[in-house]
1. Which of the residues spanning region 129-156 are within 18 Å of S255 (Cα to Cα), surrounded by fewer than 23 Cβ atoms within 10 Å (Cβ to Cβ) and not polar (S, T, N, Q)?
2. Being modelled with pLDDT under 90 and surrounded by 15 or more Cβ atoms within 10 Å (Cβ to Cβ) is true for just one of L242, L333, L286. Which residue is that?
3. Could you please let me know if L118 is away from the ligand (no atom under 16 Å from the Cβ) and either within 19 Å of L201 (Cα to Cα) or within 19 Å of the chain's Cα centre (by Cα) (or both)?
4. If I213 passes every condition in (1) away from the ligand (no atom under 16 Å from the Cβ); (2) closer than 30 Å to T25 by Cα but one, which one does it miss?
5. Considering only region 134-144, I want to know if a residue exists there that is among the polar types (S, T, N, Q), modelled with pLDDT under 95 and more than 30 Å from L219 (Cβ to Cβ).
6. Name, by its number, the condition in (1) assigned to a loop (DSSP other than H, G, I, E, B); (2) closer than 22 Å to D257 by Cα; (3) away from the ligand (no atom under 15 Å from the Cβ) that does not hold for N133.
7. Can you name the condition, by its number, that E148 falls short on among (1) within 29 Å of F35 (Cβ to Cβ); (2) away from the ligand (no atom under 16 Å from the Cβ); (3) part of a helix (DSSP H, G or I)?
8. If T25 passes every condition in (1) farther than 26 Å from L231 by Cβ; (2) modelled with pLDDT of 95 or more; (3) of a type in the set (S, T, N, Q) but one, which one does it miss?
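The values are calculated or read from the model by the stated rules, or taken from the named source; none is laboratory data. Model, not experiment: these values are computed from the prediction. For neighbour counting, all protein chains shown are included, and Cβ atoms are generated from backbone atoms with ideal geometry for every residue, glycine included.
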Amino acid sequence: FLHHGGHLNWTMETSPMVCPSTSPTPTPKHTSIAFLKTHKTASSTVQNILFRFAERNNLTVALPGYPCDHQFCYPHTFNNRFVHPHTVPPKIITSHMRFNRAELLRLMPNDTIYITILREPASMFESLFSYYNQYCLSFKRVPNGSLETFLENPWSYYRPEEKYAVYARNTLTYDLGGDKDQTDPMYIRNFVAEVDRVFSLVMIAEYFDESLILLRHLLGWELEDVLYVKLNMRTSTSKLSLSSGLPAKIRAWNSVDAALYDHFNASLWRKLEDLGVGCVAREVQLLQRATDRLLRGCFGSNFPQLRSASQIKNKNLRPWQPSSKVAIVGYELPSNISRGSRGQSQDMCLKLIMPEVQYTHLLQHSESLRYRRKHPTRTPMQTLRPAISTLHQQGRKDHKETLERSITSPPLGAEIGGTRGTQQVSKKQTT
Ligand SMILES: Nc1ncnc2c1ncn2[C@@H]1O[C@H](COP(=O)(O)OS(=O)(=O)O)[C@@H](OP(=O)(O)O)[C@H]1O
């Protein structure tokens, strides 16, 4: 039902308009990537880019296993036991988690590049406040769902240990493994420095395209590898307007996140200057044109239209809705699209507009099928052995122990930088 696929025959390296490569000799595309998917920061759009790259290049993506559903049992701190055994050893990891460097070091290849994304604290908090209004009690107990009222005295509504309180203060910090309630300036300085040491690139949602250009240069990817459409957007009627004075209150309440944002916004611009702002601007233009061509290749001249979930016929394209009080839009395929044969690239066209939850479930299914084809007679116990032995051969004995522990012991509580072990892993998760 789609036009002949949207794969571009694009060779950016031959174009004189692009930024010079940072490597003196041509290098293969980098494929070991840990993307920390932070909340309400355009991270679903980045995840979709990474999922499609993994599929095109036949790379294993570490995916959540039971009982985590489509994210790594967030808000628990990440643990390798949350990874589905059919998706180990992975090359890419990108589903929501609370960052845990020690566990990722055991799971991921040694040459893994760490990437994440941040968003300006005021617009991010407004998005969190609206999206999680019915989940997060700190927000739910505010009269009339008023952001102004919450910010007048957050401590009247906020209970740090409550479930989903992680969405109500310094959520970026929490996602990065830090302490959302520790606002001592020394702590903030050290935490920002630690994030800077671990992550090779911190993207900024407000400069999404520029960040993607940095990403493609860091990874030695083609422009074609980072084409995207925006995912997981709210309708304008779901957005609360921020009266003057609110952004400053939001920054004060989320002071660790604000410090992170300021630091990495500045470092993004230093990186852009190093690459050359002129050539970055040209690459951004090429990216937008190439996206246009990709969409035409995929869908013909009628691009998929932004629609509310109830208007989207294909359930694989309906975005998850957090509550009746907020509307997340997705894409409806044009009705007069021609019915072609279902090739791989057509599949990729659909995935370009596929929301996070459905794409994760499809990958969980396809990676399990691939695994079972390779190991037709294995029992669930045995499924862990190849991963264990591969990692063992690589000399990573501690991962072997983690995996072995995972099949004999109950879930651990949150550990490094954790949630003080109070939350239960629940099957029903927010996105
Ligand atoms: N490319 C690009 N550039 C800038 N902003 C973008 C982009 N793609 C998505 N978005 C906006 O990101 C918000 C959704 O973020 P996430 O996907 O990280 O949310 S989630 O935590 O996974 O639910 C959501 O913000 P709000 O609409 O304000 O809620 C999206 O509109």
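1. Across region 129-156, the qualifying residues are L147, E148, L151, E152, P154, W155.
2. Step by step, each of L242, L333, L286 is checked, and only L333 is modelled with pLDDT under 90 and surrounded by 15 or more Cβ atoms within 10 Å (Cβ to Cβ).
3. no
4. (1)
5. yes
6. Just one mismatch for N133, condition (3).
7. (1)
8. For T25, the exception is condition (2).
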